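See below for the structure under consideration.
The numbers here are math on the coordinates, done by the rules we state, and not lab data. Quick caveat: nothing in here was measured; it's all calculated off a predicted structure. Methodologically, a virtual Cβ is constructed for each residue, glycine included, from the backbone with ideal geometry; neighbour enumeration extends over all protein chains shown.
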Amino acid sequence: MTELTNRERLQIPRQTMPTQDALVRRANFDEVALGFTLELAQQEAERCLQCAKPLCVEGCPVEVLIPEFILALREGDIDGAVRAMKEKNNLPAICGRVCPQETQCEIKCVLAKKGEPVAIGRLERFVGDYELEHHVCPLERATPTGKRVAVVGSGPAGLTCAVDLGRLGHDVTMFESLHSPGGVLVYGIPEFRLPKSVVHGEIDYAAECLGIEMHLDAVIGNLYTIDELLDGQGFDAVFLGTGAGLPSFLRITGINYNGVLSANEFLTRVNLMKGYLFPEYDTPVKVGNRVAVIGAGNVAMDSARCSLRLQALRSQESGEVHIVYRRSPVEVPARAEEVHHAEEEGVIFDFLTNPVEIYGDEHSNVCGMRCIRMELGEPDESGRRRPIPIKGSEFDMDVDMVIVALGTSPNPLVFNEAGGLERTKWGTVVADQETGRATKPRVWAGGDVVTGAATVISAMGAGKRAAADIDRFLRGEINPW
Amino acid sequence: MYKILHKEILSEVNKLMVIAAPEVARKTRAGQFVIVRVDERGERIPLTVADYDQEAGTITLIFQEVGKTTMHMGTLEPGDELATFTGPLGHPTEIKNYGTVVCVGGGVGIAPLYPITRALKEAGNTVISIIGARTRELLFWEDKMRSVSDELIVCTDDGSYGRKALVTEPLKELLEQRDGEIARAWVIGPAIMMKFCAATTEPFKVPTIVSLNTIMIDGTGMCGGCRVQLTDGAKFVCVDGPEFDAHQVDWNLLLARQRFYLEEEKQAVEQWQHRCQLEVD
């Protein structure tokens, strides 16, 4: 292939990724975005200008070697692309799907100034999927150090930390409270956004290469306290990546009626327990004919889109799913792509609307929801305009199911008898942002347990930084306590 | 995987199993529960432990076959394995010397009541126990309960064994006869029984503790499906309980919430029985 000039590269349009048609996909749980073919991937890779100072890398929390992997890809050296990718990112098939690239690497791409950025995320996914299928670049383990690390929680933060520590030659044991590793990647994010085969494929492959031991069904805090891990169980260091798993419910009348679920419960039933396949799988999940999802984050979008699919699978033709959000479209915290997908599939958005009471029937089942209209006032401490109720604007919504997706906080179980581990008033662990060091000796923490509910990639970045610091500590280079 | 070491058939529907789970047994105390999943497609269900043996590294469970999961579990034999066995979960019972206490167990609730009764007895309490079941066949562990009680009253709804009465009757008599003497009561059994026991002890102002068994998934505070309405707000049975002040519980809401998946449970049972029938044929 002849080398293109930059002018020619700028002429190539951003390649679109094939997706399932909205009307088809809203009736199945299969993946929405189908991924690039090799041809599409290489065509897209041709668009990269190979900047001498790549700004995209600065935008990536784990500093993926973006120009390098894209160059290898367009030269037809896919194995090389995989190797370049895995220098920094151990879980590319996952990141390629769930990272908000539009606000991280792609927003920094020089092409974005005048047109559309290189589709870095889609290329990452292509490379990740290729590696999952071909296993061309098994992770290698450095000379064993004989040091043992307990990684608590097997979500994005814990996984990243465990894999980096494994590569550095440490013996890693992961403790997971559920029966399947992956944390929010398996219980929260639905199959149609992140197939569980991809999650398990990445985790199994990495764990096998690095000899990472996986202790499932282990609720740390109950089964072992942190001190027991450090002393009795002989771990040299502990990393806490237990996430933010505790749901919050609104403090309104009727919140405990049947049919009011946390998004956590609904999504766990659907995703982890495969409730959408009931009765083939044992865990039931109900879906209302008229569902209201409270909140407008990614979890709310996932809940709404799962509800639509369940309604379709169960032939509830007249089904409706609403997102009820107290602010306006501008403040929606979910990724633009998720909102767009939800709209395409038929989710109805009720903005500037806030629930004030849930009604129940004689069986304590939800049979309606009273809401009030809101208007935006002055910006609050979050910088967003504060929603203010409009007096006398109350109205009733005809709903039979309410899913509450209003953010989560860290699960306190892991802190049982954890003396010396400082936490904030929000229940998050106090940890150094750069190193992940907690206030308790030999304990590090990262991800949602430190930041409160945030993104997969920021958790991965925290896991990575902590792994580097734990490594320095285990090698005796530092002793911060 | 968690191996079943021993199985006893207590009645047609009540089964006892001893599970090898040394790590869990090491930490388990009276009043705590575990989450069990039979196989890869299984549902996660909470079961309060009936006994634990740290030295042997085992947990004893007693369950009544009421749904698909417990029916399936009932077909397992020693040597078979459970896919998931997580615990110990929830808070242990607050054991101390209260003076004279009453322990009331109904049906399969006798199982989790036993280790609590034993611990209360060991702590120096005078323990009066009442156990009851619908009929004689469903009663079990009378001897074990007797061995840890100063006094034991046994009753059946139909009078086929012991006194013909609901457990609330001897409970009420006891409260009347020894008014002011009873420091605390524990009640474990079907929700409806706990509700009426709570109503029985309330006029006597005897603090009454119930162990709730609600619908839950993870058992660690993540789903909130187990939430129960108390007079001072909603609590999660899995992490705030499973024991609560019986006089604070909104029993009607609790009973309604237990019935939420009734339709699906029925469907699952029908399908299970159909599958079993096919295997027999």
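Students often get this wrong: which residues of the range A:337-374 have the backbone nitrogen under 14 Å from the point 7 angstrom along Cα-to-C-beta of A:Ser382? Flagged as within label range: A:352-354. Would you mind checking the range B:236-266 for residues with the amide N under 16 Å from a putative spin-label position 7 Å along Cα→C-beta of A:Glu417? It comes to no residues whatsoever.
Per residue of peptide B:82-93, the mean number of Cβ atoms on other chains within 10 Å of the residue Cβ is 3. For trypsin sites (Lys or Arg not before Pro), the sites in the range A:280-323 that DSSP calls loop and that have at most 15 other Cβ atoms within 10 Å are A:Arg314.
Does the range A:106-261 come out rounded, prolate or oblate, given a ≥ b ≥ c as the square roots of the eigenvalues of its C-alpha gyration tensor, rounded meaning a/c under 1.5 and, failing that, prolate meaning a/b above b/c? Verdict is oblate for the range A:106-261. Placing dummy labels 7 Å off each Cα toward the beta-carbon, the span from A:Leu277 to A:Ser197 is 1.1 nm.
In this simple spin-label approximation, A:Lys114 and A:His363 carry label points 7 Å from Cα along the Cα→Cβ vector, and these lie 6.4 nm apart. In percent, how large is the relative contact order of the range A:369-481, given Cα pairs closer than 8 Å and 6 or more residues apart? Value for the range A:369-481: 16 percent.
Of the GluC sites (Glu not before Pro) in the range B:201-276, not one is in a loop by DSSP (not H, G, I, E or B) with at most 12 other beta carbons within 10 Å. For the range B:251-281, the list of chymotrypsin sites (Phe, Trp or Tyr not before Pro) that fall in a loop by DSSP and count at most 10 other C-beta atoms within 10 angstrom is empty.
Under the criterion of Cα pairs below 8 Å and six or more residues apart, the relative contact order for the range A:1-92 equals 22 percent.
Once a ≥ b ≥ c are taken as the square roots of the eigenvalues of the Cα gyration tensor of chain A, is the result rounded (a/c under 1.5), prolate (a/b larger than b/c) or oblate (a/b not larger than b/c)? Taking the square roots of the gyration eigenvalues as a ≥ b ≥ c, chain A is oblate.
Annotation: for a label point projected 7 angstrom from Cα along Cα→Cβ of A:Glu63, residues of the range A:91-116 with backbone N closer than 16 Å are A:105. Between the helical axis of B:110-122 and the longest alpha-carbon principal axis of chain B there is an angle of about 50 degrees. Distance cut-off 32 Å, Cα to Cα: go down the list B:Lys172/B:Lys235; B:Lys27/B:Lys68; A:Lys274/B:Lys15; A:Lys88/A:Lys286; A:Lys286/B:Lys164; A:Lys108/A:Lys440 and report the pairs above it. In this structure, A:Lys88/A:Lys286; A:Lys286/B:Lys164; A:Lys108/A:Lys440 lie more than 32 Å apart at Cα.
Averaged over residues, the count of other Cβ atoms within 10 Å places the peptides B:53-59, A:188-194, A:461-467, B:184-190 in the sequence A:461-467, B:184-190, A:188-194, B:53-59, highest first. Taking a straight line from the alpha carbon of B:Lys195, these aspartates and glutamates sit under 15 Å away, with near neighbours fewer than eight places off in the same chain left out: B:Glu169, B:Glu243, B:Asp245, B:Asp250. Take each residue of peptide A:224-230, count the partner chain Cβ atoms within 10 Å of its Cβ, and average: the result is 1.
Electrostatic tally near B:His91: other residues with Cβ closer than 11 Å to its Cβ, Lys and Arg +1, Asp and Glu -1, net -2. Packing here is the average count of other Cβ atoms within 10 Å per residue, and on that basis the peptides A:216-227, A:92-103, B:102-113, highest first, run B:102-113, A:92-103, A:216-227.
Across peptide A:250-261, the average count of Cβ atoms from other chains found within 10 Å of a residue's Cβ is 3.
Compared with the dominant Cα axis of chain B, that is its longest principal axis, helix B:262-280 is turned about 50°. Centroid-to-centroid, using Cα positions, the range A:455-481 and the range B:174-212 are 53 Å apart. Stretched out straight at 0.36 nm per residue, the stretch from A:Asp204 to A:Ser393 would grow longer than its current Cα-Cα span by 62.7 nm.
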